[in-house]
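The values are calculated or read from the model by the stated rules, or taken from the named source; none is laboratory data. Just so we're clear, the structure is a prediction, and the values are computed from it rather than from any experiment. Here the Cβ positions follow ideal geometry from the backbone for every residue, glycine too, while neighbour counts run over all protein chains shown. SASA here: full protein model, heavy atoms, side chains in, ligands and nucleic acids out. Shrake-Rupley method; radii C 1.70, N 1.55, O 1.52, S 1.80 Å.
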Amino acid sequence: MKEHQEKRGCVVTGVAGFVGSHLAERLLSLGHEVVGVDNFFSGHPENMASFRDHPAFNFYEKSIAEQNLLEDLTEKHPSLNCCFHLAAIVSVPYSMDHEDETMELNFTATVRLLQSAEKLQFKRFVFAGSAAEYGNDQRLPLQEAYADENTAHASPYGRAKFLGSQKVASSPLGVALRFFNIYGPRQDPRSPYSGVISRFLDMALAEERLTVFGDGLQARDFVYISDVVDAYLLAGGLQDSSFEVCHGIYNIGTGRSTTILELAEIIKALTGNGNAPRFLPERPGDIRFSLASVEAFSKAAGWRAGTSLRDGLRATLQWYREHRPEE
Ligand code: UD2
């Protein structure tokens with residue numbers, strides 16, 4: 001049987017988060033057993049609503065800081081052999097004020113889980129890395145090898161993710177996916193650190209002016225959630241692919257750059273919001289340009305982000321229209 005046809009038992013840490021919930025939903029739809037872990041530090045129980053009662057889903061409200069976490073879960077669910085590790089402190093500003101906690105959760109706990117996965121003879125361990133691992137490197141597009149020991153990370157978040165990716169990539173089980181700016185349904189628009197797309201859609205639907213920090217000419221590589229989930233399946237060896245098993249560190253972006261002003265214009269056009277943007281001071285520590293080189297994962301796994309920004313925004317907008325919380 002080909003590897004991707006085997007049904008796997010998958011652990012998803014951070015399962016109540018934006019990305020983790022989409023990943024769990026897809027894994028379940030493909031017939032895999034999913035054991036989800038979350039402590040609701042930044043995840044929300046509502047994100048699991050569509051699969052909470054699925055017979056192949058089991059949920060544990062636990063922190064990844066817990067000792068013997070994978071051992072305990074595997075004892076209860078012996079089919080487990082693949083770990084998608086997404087749980088982390090996800091806010092860069094929070095990490096600035098909580099350096100030790102960020103190192104403990106985003107790095108030390110990752111190493112512990114990886115070592116447990118090795119000991120338990122898991123087949124795969126897939127780690128959620130970040131574009132923050134490149135610091136403010138402006139050699140664009142960013143290639144995986146640019147992040148190294150000499151990189152000046154702008155935050156404990158970036159540093160811990162960098163160390164985590166290095167460690168994971170050094171394991172025979174390990175794949176680290178370095179995500180650029182992910183967007184899509186279920187991304188929380190209401191925290192001060194929410195992604196710009198969720199904020200802009202939320203403001204546009206409220207018929208408010210979109211807030212642009214700085215001159216709006218800063219640019220990002222926005223990648224749609226379903227393309228991210230496809231990348232996860234390939235990294236976990238769970239999707240049909242003629243490619244060899246991949247290991248190492250891979251950027252997950254589109255390779256296309258969009259300025260914040262361009263984004264504001266597209267969202268205004270899609271929502272019919274005619275208000276001019278409101279320009280606010282530049283956000284301290286903001287990176288100017290971020291753009292992924294996407295050749296490595298294309299070569300290793302045949303993956304490309306297939307969703308255009310307009311299509312992704314349309315689908316996200318549709319979801320916010322249906323699910324937007326009242327003020
Ligand atoms: C992303 C990640 C972050 C970390 C970082 C590493 C998200 C949500 N955050 O931060 O976790 O990995 O990359 O570099 O993916 N902006 C506005 N108006 C708004 C909100 C944002 O102009 O109302 C601007 C903001 O100043 C920035 C850009 O939009 O220049 C993107 O901001 P973001 O918070 O969505 O994401 P980013 O790239 O700062």
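For the stretch 239-299, which GluC sites (Glu not before Pro) are both in a DSSP coil and crowded by at most 16 other Cβ atoms within 10 Å?
Glu244, Glu282
For the stretch 48-95, what % of the accessible area comes from carbon and sulfur atoms, probe 1.4 Å? Show your work: numbers first, answer last.
On the way: 1150 of 2270 Å².
The value for the stretch 48-95 is 51 percent carbon and sulfur by accessible area.
Take every Cα pair under 8 Å in the chain that's 6+ residues apart, average their separations, divide by the length, and report that relative contact order as a whole percent.
Taking the mean separation of contacting Cα pairs over the length of the chain, I get 17 percent.
To one decimal place, what orientation-averaged projected area in nm² is obtained for the convex hull of the Cα set of the stretch 71-125?
4.0
Semi-axes of the equivalent ellipsoid of the stretch 16-97: what are they in whole Å, largest first, if each equals the square root of 5 times a C-alpha gyration tensor eigenvalue?
Gyration-tensor ellipsoid for the stretch 16-97: 22, 17, 10 Å.
Assuming R0 = 35 Å, what is the FRET efficiency of Arg288 and Leu205, from their Cβ-Cβ distance, to the nearest 0.05?
E(calc), rounded to 0.05, equals 0.75.
Given the stretch 71-202, report the % of alpha carbon pairs whose separation exceeds 24 Å.
36
Averaging over every viewing direction, what projected area does the convex hull of the Cα atoms of the stretch 111-180 cover, in nm²?
4.6
Mind jotting down a quarter of the surface of the convex hull over the alpha carbons of the chain, in square nanometres, one decimal?
15.8
Suppose every Lys and Arg Cβ carries +1 and every Asp and Glu Cβ carries -1, with no other charges. What dipole size does the stretch 104-145 come out with about its Cα centre, to the nearest 20 debye?
Working: 5 positive and 5 negative charges, 53 e Å.
So the dipole magnitude of the stretch 104-145 works out to roughly 260 debye.
If you count only protein heavy atoms with a 1.4 Å probe, what accessible area per residue comes out for the chain, rounded to a whole Å²? Spell out each step's value before the answer.
Details: 14230 Å² over 327 residues.
Accessible area per residue, the chain: 44 Å².
Quick one: pull the percent of accessible area on the stretch 101-164 belonging to carbon and sulfur, 1.4 Å probe, ligands and nucleic acids left out.
It is 51 percent, rounded to a whole number.
Could you give the length gained by full extension between Phe41 and Ser191, i.e. 0.36 nm per residue of separation minus their alpha carbon distance, to one decimal place?
52.7 nm
Restricting to DSSP loop positions (anything but H, G, I, E, B) with no more than 12 other Cβ atoms inside 10 Å of their own Cβ, which GluC sites (Glu not before Pro) remain in the stretch 129-190? Each step should come with its number before you reach the end.
Working: sites: Glu133, Glu144, Glu149; in loops: Glu149.
For GluC sites (Glu not before Pro) across the stretch 129-190 that sit outside H, G, I, E and B with at most 12 neighbouring Cβ atoms in 10 Å, the list reads Glu149.
What part of the accessible area of the stretch 224-300, given as a whole %, is carbon or sulfur when the probe is 1.4 angstrom?
About 53 percent, which is the carbon plus sulfur part of the accessible surface.
With charges set only on the Cβ (+1 for Lys and Arg, -1 for Asp and Glu), what does the dipole of the chain come to about its Cα centre, in debye to the nearest 20?
Charge dipole of the chain: 640 debye, to the nearest 20.
For Asp148 and Lys299, compute 0.36 nm times the residue count separating them, minus their Cα-Cα distance, and round to one decimal in nm.
52.2 nm
Per DSSP helix of 4 or more residues, -39500 (n - 2.57); summed, then divided by the residues of the chain. What does that give at 222 nm, rounded to the nearest 500?
Using -39500 (n - 2.57) per qualifying helix, the result is -10000 deg cm²/dmol.
Please state the charge dipole magnitude for the stretch 1-118, taken about the Cα centre, from unit charges on C-beta atoms (+1 on K and R, -1 on D and E), reported in debye and rounded to the nearest 20.
Here the stretch 1-118 has a charge dipole of around 540 debye.
Would you be so kind as to identify which of Gly302, Leu263, Pro281 lies farthest towards the positive end of the dipole of the stretch 233-314, taking Lys and Arg as +1 and Asp and Glu as -1 on Cβ and the Cα centre as origin?
So the residue we want is Pro281.
Sequence gap of 8 or more, or different chains, plus Cα separation below 16 Å: how many lysine pairs satisfy both in the chain?
Eligible lysine pairs with Cα atoms under 16 Å apart amount to 4.
Rounded to whole Å and sorted largest first, what semi-axes of the equivalent ellipsoid does the C-alpha gyration tensor of the stretch 128-246 yield via the square root of 5 times each eigenvalue? Please list the in-between numbers first.
Details: eigenvalues 166, 82, 29 Å².
Ellipsoid half-lengths, sorted descending, are 29, 20, 12 Å.
Any number yet on Rg/Rh for the stretch 192-327, C-alpha, Kirkwood?
Checking Rg against Rh, the ratio lands at 1.03.
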